[in-house]
Every structure is written in C-alpha cells, then in structure tokens.
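The values are calculated or read from the model by the stated rules, or taken from the named source; none is laboratory data. All values reported here derive from a predicted model rather than from experimental measurement. Ideal geometry is used to build each Cβ from the backbone, glycine not excepted, and the neighbour counts take in all protein chains shown. Heavy atoms of the whole protein, side chains included, go into the accessibility calculation; ligands, DNA and RNA do not. Shrake-Rupley method; radii C 1.70, N 1.55, O 1.52, S 1.80 Å.
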Amino acid sequence: MRRIRQFLLGLVLCVAFLSGCTSSPGDPYKLLQEARQAAEEGDWQQALQKYDRLVELSPDNGEVYNGRGAILLEQGKYELAQEDLEKAVEQSSDNAVYWYNLGLARYCLNQYEESIEAFSQAISLNLEYADAYGQRSAAYVCLGQYEKAEADLERAENLEPGSNAAYLALLGNAYLTVGELERARTALDQAIAIEAENPQFYLQRAQICILAGDYDQAQEDCVQAIGMQDGFLTGYALLGDLYYAQSEYEQAIANYSVALLEQEDYAGYLNRGSCYMALGQYEEAEADFTQAILLEPSLSSAYALRGETREKLGDSEGALADYKTAKDLLQEGEEESGAA
C-alpha cells in the first residue's frame, strides 16, 4: 500500500494569529499577551493553555477564538480549528483575518466551496489581501475551476510582487490533489525557476515526478533537497517512496530508516513495513506495522497489513483480531462520512 506524502507548505499556508483588535483590560489582557508570545515562540501547549483560560474569561471575544484556532491549524487539528474560527467570525464578522483563517481550516478539511466562501469574505473586507487570493486560487483548482484559479494567482502576485513562487507551489499542490500531474509539474517548475534555494519546492516536485513515473528527476530533486538542510528528513523519506515505487525494497528500507532515526512517522513505518513484507521479512514487517499503530491508532490499513503479516507468521488469532479492528475502523469512518 503505497502512500506518497502530501505537502501543505508552511510558506504558503500562512496562518494569521493577530487581528489588531482592541485588548481587554486587566488580567485577560496580560494573559492574551502571554498567549501570543508563546505562539510566536512555537510553544503550542503553553499557548493553548492560556487561550483555554481566556475562553473562560472572555467567551465573547473573537480574538481569543481566532488565536486558539490559528494554533490548532498549525497543529493540524483542523476540525477543532474550524469550530473556534466559526465562533471568531460569529463574534466579529467584519474581521478579514478571521474569515481567512476559517477558509484555511475548511480548505484543509477538503471543504473547497466553503473555503472559497470564507476567502471571498476576507477579500470583500480587504481587497488587497494577497494571501486570501493565493489560497482561494488553490481551492478553485480543487474544484476544477482553473481560469478562476489563474486569475486569483495573478491578483496575488500583483498585490505582492515577488511572492509568486510560494503561490505557484500552493497551486501545484492543488493540481496534484486533483491528479493534474502535468499542470502540477509546470507550476513547480515555475516556482523553482523563481526561487531555486527552497528545498520544499524540490520535494514537492519530486513527489509529482514519482507519481508521473519520472524517477530520474525525482531522485535528482530529492538529492538536491537533502543537500539543503531544511529538506534533510523529508528528502530521505521521499527517496524511500521513490525506491518503493520501483520495487527496489532494500534501498527503500535504507532511506526510510534514515528518516525514521531522526523523526518517527507512522507513514514511514507503514511503508518500511510494506517493504519488509514484500521481501518476506515478516517479523520486521509486524514490528513496523505495530509501531505505525502506536503512532496512529485509528489507521485501519496498518491493522489490515499487520493482520496479513501475522497470518504469514502463523498467528491466526492475532490476524483475525487485526482484521476485525480494521473492519470496525472502516465502518466507523463510513458512518462518520455518512453523518457529515
């Protein structure tokens, strides 16, 4: 089960924390400043604790919900972020930043029409909101509305000359999401031509090239990104994906192992385990699938793969338990999708 990593580039997924709203007096004001400082320093846990307290003290303050929602966005907790950001716009419907962040949450939840509505609201409140145009362009791509996407991209660049590389990368990711590999490749080629020193762009193009079967270019891009320290870990992980796509399992294992030594990742364990399984090394595969489950307990595919591995190892009881868990998780996901 091959999984090619999807990127949400930090350069273009620009979460806005501060809105310029007037501050509350006394303790809440001090707490708000401390929460903002913790967020600026990347101390998400401390910032969230302070925002939780602020919600208790100021339950009608849109700035508080926006601040907490922005942190939840950074942490990838998109549903919780959406809840907070919807409260923020309820409290202050005339704040462009709140609408923009809500658009981001909806985009990350694949709610593209709703994200366009939020980005459009932000633009109506601030006609020069370049990031809102840039993000809306990606949402248009995901709906197949390419002309509108290109028009928004042009507006964003006109408002912030020189920023087009980041917006092109975002657009490329959106094209990748809908399977438009040629368009995605063109967008990343253009982004790299503008900003050749950004390792994320090479990693994103490598991902596209793997899917397109252009393995030589994918390898060249991974090596280029690895040479830039910021792309070190993801570069090795993508090299693992590259060798996996070519059924070169031993080389894939070697590259996944380098990435996993530095940073545990359920997808890395899942993919390395699949390589071990393809080589008939079932004990190693079982250990990796178990590790993936520990990191992501709701991953039905990991249970299914571990069940298959345990069956190969003669553990029929363990295999049946894993298959049942995988089935239950899939049913839960289908029920949640139906309820939504």
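Residues considered: GLY76, GLY103. Of these, the only one that is within 15 Å of the chain's Cα centre (by Cα) and modelled with pLDDT of 95 or more is GLY103. Where in segment 35-98 are there helices (runs of 4 or more DSSP H), lying wholly inside it, with at least 3 residues that are open to solvent by 70 Å² or more (accessible area, probe 1.4 Å)? Passing ranges, in order: 44-57, 78-91.
Residues in segment 99-130 that are closer than 17 Å to ASN66 by Cα and either open to solvent by 30 Å² or more (accessible area, probe 1.4 Å) or part of a loop (DSSP other than H, G, I, E, B) (or both): TRP99, ARG106, GLN121, LEU125. When we screen ALA259, ALA206 for residues that are buried (at least 18 other Cβ atoms within 10 Å of the Cβ) and closer than 18 Å to ALA169 by Cα, the only hit is ALA206.
In segment 232-256, how many residues are among the polar types (S, T, N, Q) and buried (at least 17 other Cβ atoms within 10 Å of the Cβ)? Residues flagged as among the polar types (S, T, N, Q) and buried (at least 17 other Cβ atoms within 10 Å of the Cβ) within segment 232-256 amount to 2. In the set (1) without any contact (Cβ under 8 Å) to a residue 40 or more places away in the chain; (2) surrounded by 13 or more Cβ atoms within 10 Å (Cβ to Cβ); (3) not aromatic (Phe, Trp, Tyr), LEU305 fails one condition alone, (1).
Among the criteria (1) part of a helix (DSSP H, G or I); (2) within 22 Å of ALA278 (Cβ to Cβ); (3) over 22 Å from the mean Cα position of the chain (by Cα), the one GLY314 does not fulfil is (1). Remark: pairs (first residue in segment 268-287, touching a residue at least 12 places away in the same chain (Cβ under 8 Å) and over 17 Å from TYR243 (Cβ atoms); second residue open to solvent by less than 50 Å² (accessible area, probe 1.4 Å) and among the small types (Gly, Ala, Ser); Cβ separation under 8 Å; 6+ apart in sequence or on different chains) = GLU286/GLY273; ALA287/GLY273. Restricting to segment 131-145, name every residue that is within 13 Å of ASN164 (Cα to Cα) and open to solvent by 30 Å² or more (accessible area, probe 1.4 Å). ASP131 - this is the single residue of segment 131-145 that is within 13 Å of ASN164 (Cα to Cα) and open to solvent by 30 Å² or more (accessible area, probe 1.4 Å).
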